[in-house]
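The values are calculated or read from the model by the stated rules, or taken from the named source; none is laboratory data. These numbers come from a predicted model, not from an experiment. Neighbour counts are summed over all protein chains in view; Cβ atoms, including those assigned to glycine, are modelled from backbone coordinates with ideal geometry.
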Amino acid sequence: MPNIQNYLKSAVRGQVWLPGEPGFDTARRPWNLAVEQPVAAVVEAADADDVAALVCHARAAGLGVTTQPNGHGATGGTEGTILLRTGRLDTLEVDPVKRRARVGAGAPSGRLQAATAAHGLTGLPGSSPVVSVTGVALGGGLSWFGRAHGWVADSVTAYEIVDAAGQRRRVTAETEADLFWAMRGAGGDFAVVTALELDLHPAPHLYGGRTLWTVEHAPAAIAAYRQITSQAPNQLTVWLDLLHFPGADPMVAIDATYLGEENEARHLLAPIDRVPGPLADTRRVMSVAELGSITAEPTDPSPGLSHAELLTDLDDTAVQTLLANPIAPLLSVQIRHLEGAFAHASDSPHGPLTERHALYLFGIPTDPATAQSVTAKQRALASALPTSGRKPFTFLNPGETVADAFTPDVVTRLRDVKHHHDPDNVFRSNFPVRG
């Protein structure tokens, strides 16, 4: 192994960390600090040529390559791999005339939004501005604007990759239909993406924000959420949050964005105004570059345990289940309204989403006992709610597999694509498709 490691340092121009060296333990940590990530080495690539050299080296050494810009979604299944950090591949080019962007693998969503805002355009951002655009797209991607424009991956038009032979290529639906399809939502198990091209969407006006109440108003807030989502146009997205932060009383929130004028948004969101006694209301006209302020998620790595499901409905029984007991030890129970363009045809492994809502449960494992309590609460809530039995790939967690996100026919097709393009299993994603 020492000779292999020394060769690695001479093969790439970027930063290399080897076991036992200063900084190695920090470099190998994923975003979720609750996940342990054993690796043979860590490489921060300087550019796409570095990626190609690394893949050739790993293949010759009999090692795998696990690619992470910063490690969102990591599961810890990295034994025998070189961890590739793509954060320095952060080029960003926006063509406002063609409404298209070329985004490096390490570029975060917030940078894309800042670049598009000046042109009255938008990508399809999620709730966090620090997650890479590429990482979100490879997982399918549930965006604030997905009800208007579908999965994030639906907007991708090309991938720039390094394949299992260490060759740089450009993949589109026209050049390699099966590989392009697989990469639109089944993760990084097929190639290393060094950049992607995606369509941008008009966003001349945006209204959004969070309204927050004490938990006593949860029944009225949930009723408002149900009323709004029962007739929401595709330009309107509404999320419901039950919250219990450390040191604070339980609360309930409604988060919303509307791709349109303020007066239209206020009319559509009027049921929120009929819920009394808000602690805060941040709704306003905003830029698409400010979307991360709505939920104000942490922008630094931290430990966490999450669990996601797809809900077929949010009926009276489901509401009673949510309100029956405090959510503690969970920090949040989030319900995202789907439908709209999510339910349309999609040339991706996910295909159309027929479920009406996504459920996301989150807690912090401060110690082993708390971790057990968080997991037990997540399982109890999920089993008591009307779930469909499948999960969004982008929200899978350690211990879950591609079979939890995709139908058996889709899993079979993904394995065929994997066998054809990476028969030696050089690439090891968070959730491998190989059986």
| task | Filter region 253-292 for residues that are without any contact (Cβ under 8 Å) to a residue 60 or more places away in the chain and either in the same structural domain as residue 132 (by TED's automatic domain parsing) or of a type in the set (S, T, N, Q) (or both) and give the result. | result | 263
| field | Residue list for region 153-196, restricted to those being among the β-branched types (Val, Ile, Thr) and without any contact (Cβ under 8 Å) to a residue 40 or more places away in the chain | value | 161, 171, 172, 175
| Is region 361-369 home to any residue that is touching a strand residue (DSSP E or B) at 6+ places or on another chain (Cβ under 9 Å), buried (at least 18 other Cβ atoms within 10 Å of the Cβ) and more than 24 Å from residue 76 (Cα to Cα)? | no
| task | Would you confirm whether any residue within region 44-58 is within 15 Å of residue 429 (Cα to Cα) and of a type in the set (Val, Ile, Thr)? | result | yes
| Tally time: how many residues in region 347-376 are in contact with a Pro (Cβ under 7 Å, 6 or more places away or on another chain) and either over 22 Å from residue 154 (Cα atoms) or modelled with pLDDT under 95 (or both)? | 7
| said: Of the residues 182, 195, 186, only one is part of a strand (DSSP E or B), within 18 Å of the chain's Cα centre (by Cα) and crowded, with 24+ Cβ neighbours inside 10 Å; which? | reply: 195
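Table: residues versus (1) β-branched (Val, Ile, Thr); (2) in contact (Cβ under 8 Å) with a residue 12 or more places away in the chain; (3) outside any helix (DSSP H, G or I).
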| position | (1), (2), (3) |
| --- | --- |
| 21 | no, no, yes |
| 39 | yes, yes, yes |
| 42 | yes, yes, yes |
| 46 | no, yes, yes |
| 51 | yes, yes, no |
| 60 | no, no, no |
| message | Please count how many residues of region 213-250 are assigned to a strand (DSSP E or B) and closer than 21 Å to residue 304 by Cβ. | response | 5
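Within region 80-97, track down each residue that is surrounded by fewer than 16 Cβ atoms within 10 Å (Cβ to Cβ), at pLDDT 95 or above and in contact with a strand residue (DSSP E or B) (Cβ under 9 Å, 6 or more places away or on another chain).
Within region 80-97, 91, 93, 95, 96 qualify.
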| field | Complete set of residues in region 18-57 that are over 27 Å from the mean Cα position of the chain (by Cα) and surrounded by 14 or more Cβ atoms within 10 Å (Cβ to Cβ) | value | 18, 19, 53, 56, 57
| request: Considering only region 403-423, state which residues are closer than 14 Å to residue 309 by Cα and either aromatic (Phe, Trp, Tyr) or touching a residue at least 12 places away in the same chain (Cβ under 8 Å) (or both). | output: 404, 405, 406
| query | Counting only residues that are hydrophobic (A, V, I, L, M, F, W, C) and surrounded by fewer than 22 Cβ atoms within 10 Å (Cβ to Cβ), how many does region 339-360 have? | reply | 3
| message | Quick check on this structure: which one of 433, 417 is assigned to a helix (DSSP H, G or I) and of a type in the set (A, V, I, L, M, F, W, C)? | response | 417
